[in-house]
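Read the structure below first, then the notes.
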Amino acid sequence: MKRKILITGAAGRIGRFLTQQWRDRYDLVLTDVQAPKKTYGFPFIQAELSDFDAVRPLTQGIDTVIHLGADPRMEAPWETLLPSNVIGAYNVFEAAHQAGCRRLVFASSINAVFGYPPDQQIHTQMPVNPINLYGATKCWGEALARYYSNAHKLSCLCLRFAAVSYRPGQDPDYDNRYTVDHPFIDIILTMEDLTQLVTKAVEARDDLLFGVFHGVSNNRWKRMDLTDTRAILGYEPEDDSFVLAAQANA
């Protein structure tokens, strides 16, 4: 039997890609404030994550929640971050707990630790160090994950996505990142590597109750260390942004 998985933020860039990649692997339930253009036959339920009464029924019968839903803008103001990234995150964790879900995978961000100097590699054991309110809300989500793991034994795995990007040629809006002097070149996470990472988190052993894992591609220089992600989740990214850049500009 296929795992039943709820994807919040399903109409977003990552949600759409995961739905496409997982359409034959999992039994999906999709939710967002607006419907994605393609649902691949999976049920879509419109819901505001800030409304607990709307969120609670979404988690019934769900094995794993992939919590992507949030205001993703690094410059987002508190007025929009509070309902979506703070209250919404709490509602999703609480609903998953009440429904007895096996696992919640939380989409955290490099912004939770982006305050470190650019020439310093970031390890998961280092304290959070956000540089914007958006990053601070991701720290809140990671703290919620620790709480629900400790207090309720809900398996909560946090994935700190770096600069999520399409490979060169897949979307022209992202092609300019593939130059050696672009500030994102060492933090690129391709969609294909992201899909592998989230799948590894879903399929990780049941007794893994908590973890914070970095999500970046196998770039020649990686701003984020992958030691824990490789060792615990078995993540083996395939893309190297520097190689992709050389190929794209040959």
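May I ask for the Rg/Rh ratio of the chain, computed from Cα atoms with Rh as the Kirkwood radius, given to two decimals? Value, to two decimals: 0.95. Give me the one-decimal nm value for the distance between modelled label points at ARG146 and ALA246, 7 Å along each residue's Cα-to-Cβ direction. Going from the ARG146 label point to the ALA246 one covers 4.0 nm. Computed from the C-beta positions of ASP207 and GLN60, the FRET efficiency with R₀ = 25 Å rounds to 0.55.
As I understand it, the value is the acute angle between the Cα axis of helix 88-99 and the longest principal axis of the Cα atoms of the chain; what does it come to in degrees, rounded to 10? Computed tilt is about 50 degrees. Of the cross-linked pairs LYS37/LYS200; LYS138/LYS222; LYS2/LYS38; LYS4/LYS153; LYS4/LYS37; LYS138/LYS200, those separated by over 24 Å at the C-alpha level are LYS37/LYS200. Between ASP119 and THR195, the modelled labels are 3.8 nm apart [label points 7 Å from Cα along Cα→Cβ]. With the helix formula -39500 (n - 2.57) applied to DSSP H stretches of n ≥ 4, the chain reaches a computed 222 nm mean residue ellipticity of -8500 deg cm²/dmol.
Around the Cα centre of segment 4-248, unit charges on the Cβ atoms of Lys, Arg, Asp and Glu (plus for the first two, minus for the last two) sum to a dipole of about 380 debye. Label positions at ALA231 and GLN98, each projected 7 Å from the Cα along the C-beta direction, are separated by 3.9 nm. Please give the FRET efficiency for ARG23 paired with VAL180, using the beta carbon to beta carbon distance and R0 = 41 Å, rounded to the nearest 0.05. My answer for the efficiency is 0.70. Among beta bridges identified by DSSP and lying wholly in segment 4-248, the antiparallel ones come to about 0 percent.
Readers should treat all values here as calculations from the given coordinates under stated rules, not as data from a laboratory. As the structure is a computational prediction, the values presented were derived from the model and not from experiment. Here Cβ is always computed from backbone atoms with ideal geometry, including for glycine, and neighbour counts include all displayed protein chains.
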